[in-house]
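Here the structure comes first, spelled out in structure tokens, and everything after it is commentary.
No value in this document is a laboratory result; all are computed from the given coordinates. Every value quoted in this text rests on a predicted model; they were computed, and no experiment measured them. Here Cβ is always computed from backbone atoms with ideal geometry, including for glycine, and neighbour counts include all displayed protein chains.
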Amino acid sequence: MTMFVTRRALFALIAALGVASALSGSAHAAEPPVFQDGGVAIRGYDPVAYFTRGKPVAGSAKHTLRWKGAVWRFASAKHLAMFKADPAKYAPQYGGYCAYAVSRNYTAKIEPDAWTIHKGKLYLNYNKFIRAAWEREKPANIVKGDRNWPAVLQR
């Protein structure tokens with residue numbers, strides 16, 4: 001039996017192999033699901049403190065938990081227990097990446113003092129200037145960020 005491969009079929013196969021190769025390469029280049037600085041989430045700040053103390057508080061190496069591939073630090077054993085009981089309640093949105101950047105379909109690091117709690121969710125930003133821009137269109141930015149997350153990690 002003789003097999004004929006048309007030029008069109010050959011080009012389609014080459015294109016499909018190229019797409020598969022590009023996709024597998026981008027998966028290896030993807031950023032981690034949680035913003036990390038040296039393997040530590042949100043620059044070592046306690047995510048629970050934003051809710052309980054209303055401000056960023058540095059976590060302690062004495063009170064840590066590994067979650068979603070990162071080390072999370074807490075100011076107290078109580079905050080660690082609270083996070084452990086319900087991490088989704090306290091973890092920042094978009095893996096702790098800059099909420100404004102995610103709304104614009106890219107990722108950026110954060111500064112712990114550029115934060116907002118909106119409808120019970122913690123959002124972090126690159127800096128206070130970017131937070132002000134994010135705040136001006138917060139509802140729309142949240143819709144965009146929710147739409148882009150987590151696919152933005154593959155870009």
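Can you work out the FRET efficiency for the pair Gln154 and Lys119, with r the C-beta to C-beta distance and R0 = 30 Å, to the nearest 0.05? Before the final figure, lay out the partial values.
Details: r = 27 Å, r/R0 = 0.90.
The calculated FRET efficiency here is 0.65.
Length gained on full extension, Lys109 to Asp37, computed as 0.36 nm times the residue gap minus the Cα-Cα distance: 25.0 nm.
Under the criterion of Cα pairs below 8 Å and six or more residues apart, the relative contact order for the range 36-154 equals 21 percent. Of all lysines in the structure, the ones whose alpha carbon falls short of 23 Å from that of Lys89, not counting any fewer than 8 places away in one chain, are Lys55, Lys62, Lys68, Lys78, Lys109, Lys119, Lys121, Lys138, Lys144.
Positive end of the charge dipole of the range 36-154 (Lys, Arg +1 and Asp, Glu -1 on Cβ, about the Cα centre): tell me which of Ile117, Ala101, Asn127 has its Cα farthest that way. The one lying farthest along the dipole's positive direction is Ile117.
Can you give the local net charge around Ser60? Use residues other than it whose beta-carbon is closer than 11 angstrom to its beta-carbon, Lys and Arg +1, Asp and Glu -1.
Numbers: positive: Lys62, Arg73; negative: Asp46.
For residues surrounding Ser60, the net value is +1.
Rg and Dmax of the range 36-154, based on Cα coordinates, read 13.4, 39 Å.
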